[in-house]
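Everything below concerns the one structure shown next.
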């Protein structure tokens, strides 16, 4: 299997993949394959389109419809139950499959992200390496990565799900030091219309025109300094793939809570989450912001307590997968001792940890 695997879930014919494949060819990458993961609403002509693009560019682009998904994962019925049909996170199934097939770099791509001239695959192949890049740290242990983006009217922007109690509307005092640590996740940043909370979108539109050259092409956060990141235009090294799962039960912001789990694991093991290139332009698919706000409501209220809980659990296991199990079990145990937590917040956290544990256990015993 090629070393780098791209994954996309879509309910549209994925015409955007041509530009990505053109970028891959322009930068002479021969170690790339792409899985397009279908769902109930995916148009039937998607398969033919993927075949045509694959033939045109000489890149393996495989459409995986629902029948093929069930066949491939026949021996893992619990996984099919965890990630039901008609959900936007269907590509999680192929995180598991790609790992089984030997994937070294996994790149999650949304169908409303459009590539620039920047080397898309090459930039994401920073994961699994230890480049010397600027690492940011703060005394509070939080930093808004969107401070590196330029909004055309100077409107402050935070990543979707960034805990409200951790937000500062003045530039954060930070230390920046170049260091070489292992990069486990790379979150490519977004021009034009990046990911932010629905409540922010209801106030004003934003437009990102560029990135601060001081932090180009990539920067990272020192282990122990956290930020929210999503799972679009995001790459994962092989060692972190088993530890990344976004529980369906948590809804729209599950990927954000998972980003905090990854921050906790990176803090313990010593890995780095990097940000920056490849920059993509986002032309967002239609959204009902009021519905998005409703879907984010409980999660946003609970996030400050959630991250405090994560940080309260001591970890000793040396691997990401082992430390993940330790963290999830520790959080479930400590959750029972928190007396003043609203029941809706407690229920969401408990479901998140229990569902995540099922994923973690699927990887226990698999060949690394």
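The values are calculated or read from the model by the stated rules, or taken from the named source; none is laboratory data. Quick caveat: nothing in here was measured; it's all calculated off a predicted structure. Quick reminder, even Gly has a Cβ in these numbers, built from the backbone with ideal geometry, and neighbours come from all protein chains shown.
Against the condition loosely packed, with under 13 Cβ neighbours inside 10 Å and touching a strand residue (DSSP E or B) at 6+ places or on another chain (Cβ under 8 Å), how does residue 283 come out, does it pass?
Answer is yes for this residue.
Within the stretch 28-43, can you find the residues that are surrounded by fewer than 14 Cβ atoms within 10 Å (Cβ to Cβ) and in contact with a helix residue (DSSP H, G or I) (Cβ under 8 Å, 6 or more places away or on another chain)?
40
For residue 365, work out the one condition from (1) farther than 26 Å from residue 158 by Cβ; (2) at pLDDT 95 or above; (3) surrounded by fewer than 14 Cβ atoms within 10 Å (Cβ to Cβ) it doesn't fulfil.
Every listed condition holds for residue 365 apart from (2).
Take residue 20 and tell me if it is in a helix (DSSP H, G or I) and touching a residue at least 40 places away in the same chain (Cβ under 8 Å).
Yes; evaluated as a whole, the condition is true for this residue.
Check every one of the helices (runs of 4 or more DSSP H) wholly within the stretch 63-169 and list those with 1 or more residues that are crowded, with 20+ Cβ neighbours inside 10 Å, within 20 Å of the chain's Cα centre (by Cα) and not assigned by TED's automatic domain parsing to the domain that holds residue 30.
Fully inside the stretch 63-169 and qualifying: 120-124.
Determine if the stretch 245-257 includes at least one residue that is over 11 Å from the mean Cα position of the chain (by Cα), at pLDDT 95 or above, under 18 Å from residue 127 (Cα atoms) and in a loop (DSSP other than H, G, I, E, B).
Within the stretch 245-257, not a single residue is over 11 Å from the mean Cα position of the chain (by Cα), at pLDDT 95 or above, under 18 Å from residue 127 (Cα atoms) and in a loop (DSSP other than H, G, I, E, B).
Consider only pairs whose beta carbons are under 6 Å apart and that are at least six residues apart or on different chains; among these, list those whose first residue lies in the stretch 293-322 and is in contact (Cβ under 8 Å) with a residue 24 or more places away in the chain and whose second residue is outside any helix (DSSP H, G or I) and crowded, with 20+ Cβ neighbours inside 10 Å.
Listed by first residue and then by second, the contacts come to 303/163; 304/163; 307/163; 320/240.
Looking only at residues in the stretch 216-230 that are within 11 Å of the chain's Cα centre (by Cα) and crowded, with 24+ Cβ neighbours inside 10 Å, which one is farthest from residue 130 (Cα to Cα)?
228
Here are some residues: 87, 5, 46. Which one is in contact with a helix residue (DSSP H, G or I) (Cβ under 8 Å, 6 or more places away or on another chain) and modelled with pLDDT of 95 or more?
Step by step, each of 87, 5, 46 is checked, and only 5 is in contact with a helix residue (DSSP H, G or I) (Cβ under 8 Å, 6 or more places away or on another chain) and modelled with pLDDT of 95 or more.
Quick grid of which residues meet (1) modelled with pLDDT of 95 or more; (2) in a strand (DSSP E or B):
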site: 188; (1), (2): yes, yes
site: 191; (1), (2): yes, yes
site: 195; (1), (2): no, no
site: 202; (1), (2): no, no
site: 206; (1), (2): no, no
site: 214; (1), (2): yes, no
site: 219; (1), (2): yes, yes
site: 223; (1), (2): yes, no
site: 230; (1), (2): yes, no
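Scan the stretch 202-213 residue by residue and report those that are surrounded by fewer than 19 Cβ atoms within 10 Å (Cβ to Cβ) and either free of Cβ contacts under 8 Å to residues at least 12 places away in the same chain or over 30 Å from residue 270 (Cβ atoms) (or both).
202, 203, 204, 205, 207, 209, 210, 213
Within the stretch 170-186, track down each residue that is within 29 Å of residue 6 (Cα to Cα) and not in a loop (DSSP other than H, G, I, E, B).
Passing the criteria: 179, 180, 183, 184, 185, 186.
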